[in-house]
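Only the coordinates and a few stated rules stand behind these numbers; no lab work does. Treat the numbers as computed from the prediction; the structure is a model and nothing was measured. Cβ placement follows ideal geometry from the backbone for every residue including glycine, while neighbour counts extend to all protein chains displayed.
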Amino acid sequence: MKYIPSVGMEVHAQLLTNSKMFCGCPTHFGESPNTNVCPICLGLPGTLPVPNKRAIEHVIRTSLALNCTIAPTALFYRKNYFYPDLTKGYQISQYGEEHPIGTLGWLEIVVNGERKRIHIRRVHLEEDTGKLFHFVPGESEVDYNRCGMPLMEIVTDFPPDIHSGEEAKEYLVQLRAILTYLGVCDGKMEEGSLRCEPNISVAPEGSDTLGVKTELKNLNSFRSVVRGIDFEAQRQSEVLESGGRIAQETRGWNDEGFSFPMRSKEGEQDYRYFPEPDIVPVVIDEAWIESLRATLPELPLAKWERYQKEFGLSAYDSGVLTADYETARFFEACVTHKADPKSACNWITGELAAKLNADNKRIDQTPFTPAHVADLLSLIQNNTITSRIAKDVFAEAYQNGRMPSEIVQSQGLTQIADETALRSMAQKVIGENPDIVEKLRSGKEGVMGFLVGQVMKESKGRANPQRVQEILREEILT
């Protein structure tokens, strides 16, 4: 029997604010454990929470970008449960379907070249919990620095539109891009500021009802999202095929390639929601909404389409450039400096991306600016330098910030234009490689690359390879 997976996505995004959700503690990542805490976020008796306005605005802007309806009033509730990472014994949240900030929206993804709409059920705001560390069996420690951080939850609609790990990954890629474009979340899954918890179920093909779902935890990369969902769907299918039953539970994911049970999944009634008595309802009027709508940037999918139409880039290249806001901004600045769009794209996604990855830097952390890209491309297009020399010039400009044209001028790296000098180097290579020359004369065109390479080596990369090949043919075959 064939089983069809259905995947609901719950995504938690830590919001970029200077202070926590209900207190003035800083939100810096990587501080010493339990240093960014106060009586409010530790839940000590007698403290009163005060909502963070910037966090609320981040959720409104996200809801608008996801085509949601904005609630006129946002209410906070107490979600009651006991766990070591939650000092108060309850979490201040927005109760599921009751007055979240954003409802009934959607975003679009592209899978196999086709667009698909993924419906959003709600976007709501809550506080984050602390973080547990399990060092040895039977012993755990907790860091409360994260406790009280403003946390936005984005939940897909029911029944699910997502039916594979690949679709789930594309949804998460697109959502992460939107959040980073808006500047509401840094999207760093490896640091836990963006966390994904898919709910997975399988049902026989053609069934009108969904199967029992499991929730998958510990997915900290796009790759683990795909692997985790596909593994869990296969596991459930095999259990059902063998006559077993699926337990409604929370399961962890191990990067070695398997999921494991953690605890039984709570029902909504177990949390005993009730309105938070210490926080008054937040009124969201039309003027506030429209002022925030005016701040929305061009979103990634619209930019992806524009790059193809306006600059003639491929869908793949456009996707690479628009996946990251800073990369897209860098590319557009290159075009503003009169750089050829396709050539700029190649350098950004090629040489520059490789160097940034090796140095573990962002594109806005290098002295190699869009003006440098435009200057370098101009030198190549005007035949001032060869592509080979361009790589050396790039490496130096990347390190010290000097303009490529200045480096070329000071080091005498211009392309050799003297025909006599080029022909002399070609004749030298011909004389040193008689066996290779005879192979070329006998019709073995593949050896031409070797001879061109030898001349390029002789010229220290300053010869024009196309002209070198022409000269070699003239000297050998005529």
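What the table shows:
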| read-out | value |
| --- | --- |
| Distance in nm between pseudo-label sites at VAL111 and SER221 (7 Å out along the Cβ direction from Cα) | 2.2 nm |
| Using θ = phi - 60° and Karplus 6.51 cos²θ - 1.76 cosθ + 1.60, couplings along segment 328-339 (whole Hz; Gly, Pro as x) | 4, 5, 4, 4, 5, 5, 4, 5, 4, 7, 6, 6 |
| Gained length - ASP85 relative to HIS119, 0.36 nm times residue gap less alpha-carbon distance | 9.1 nm |
| Global geometry of the chain, whether rounded, prolate or oblate, following the gyration tensor of its Cα atoms and the 1.5 cut on a/c | prolate |
| About the Cα centre, charge dipole magnitude for the chain (Lys/Arg +1, Asp/Glu -1 at Cβ), debye | 700 debye |
| For segment 56-66, 3J(HN,Hα) per residue [Karplus equation, 6.51 cos²θ - 1.76 cosθ + 1.60, θ = phi - 60°, Hz, x = Gly/Pro] | 4, 5, 4, 6, 4, 4, 5, 4, 5, 5, 9 |
| Sites ASN254 and TYR316, calculated FRET efficiency, Cβ-Cβ separation with R0 22 Å, nearest 0.05 | 0.10 |
| Length added when fully stretched, SER32-VAL239, from 0.36 nm per residue minus Cα-Cα | 70.1 nm |
| Gain in span if fully extended, THR336 to LEU48, counting 0.36 nm per residue against the direct Cα distance | 98.6 nm |
| Rough spin-label spacing in nm, given labels placed 7 Å along Cα→Cβ, for LYS131 and VAL212 | 3.4 nm |
| Tensor-based shape of segment 247-303 (alpha-carbon gyration tensor, a/c under 1.5 rounded, otherwise prolate or oblate) | oblate |
| Prolate/oblate/rounded call for segment 128-167, Cα gyration tensor, a/c under 1.5 rounded | oblate |
